[in-house]
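Have a look at the structure below before the remarks.
The values are calculated or read from the model by the stated rules, or taken from the named source; none is laboratory data. Predicted, not measured: the structure shown is a model, and the values here were computed from it. Reconstructed Cβ throughout: ideal geometry from the backbone, glycine too, with neighbour counts over all protein chains shown. Each accessible area value is taken on the protein alone, full model and side chains, heavy atoms only, with ligands, DNA and RNA left out. Shrake-Rupley method; radii C 1.70, N 1.55, O 1.52, S 1.80 Å.
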Amino acid sequence: MDYQYVDGRLQVRRTDEEKKPILQRLKRIEGQVRGLQAMVQEDRYCLDEVQQMNAITAAVREAVLQLISSHLDASVDYAAKSEDRDGAIEEMVRVLRAALRQS
């Protein structure tokens, strides 16, 4: 993982290995969404559709946690190396606030 602090924002660049589990999760989510679309087109039982939506929501939350985890790791590293503790904390709070909005 590499990062750069630009204009008050920490921009994280993940390696291909770091991207791999995130992309795998997103592909699974994509498949779940396609499955849900088929369920709706087939007029499946509402509870089945709702359960599938809940599974998709949970999967998206996990993807968000994966993204946040690497970002927070970079923020802590940045704070330690740059001694810009306040900037790093502001960055972490900004990311967490955005994540909490979506839940």
Of 37, 11, 66, the one that fluctuates the most in a GNM where the chain has Cα springs shorter than 10 Å: 37
For region 1-67: accessible area per residue (Å², 1.4 Å): 74 Å²
Angle between the chain longest axis and helix 85-102 axis [Cα atoms, degrees, rounded to 10]: 10 degrees
Crossing angle, helix 46-82 versus the chain [Cα axis fit, 0-90 degrees, rounded to tens]: 10 degrees
Value of Rg/Rh across region 24-78 [Cα atoms, Kirkwood radius]: 1.21
Estimated FRET transfer efficiency when R0 is 25 angstrom, pair residue 69-residue 48 (beta carbons, to 0.05): 0.20
Convex hull volume per residue for the chain, taking Cα atoms only, in Å³: 98 Å³
Carbon + sulfur, % of accessible area of the chain - ligands and nucleic acids excluded, 1.4 Å: 52 percent
Computed E for residue 86/residue 22 - FRET, C-beta separation, R0 35 angstrom, nearest 0.05: 0.75
Expected 222 nm ellipticity per residue - DSSP helices of 4 or more, -39500 (n - 2.57), all of the chain, to 500: -28000 deg cm²/dmol
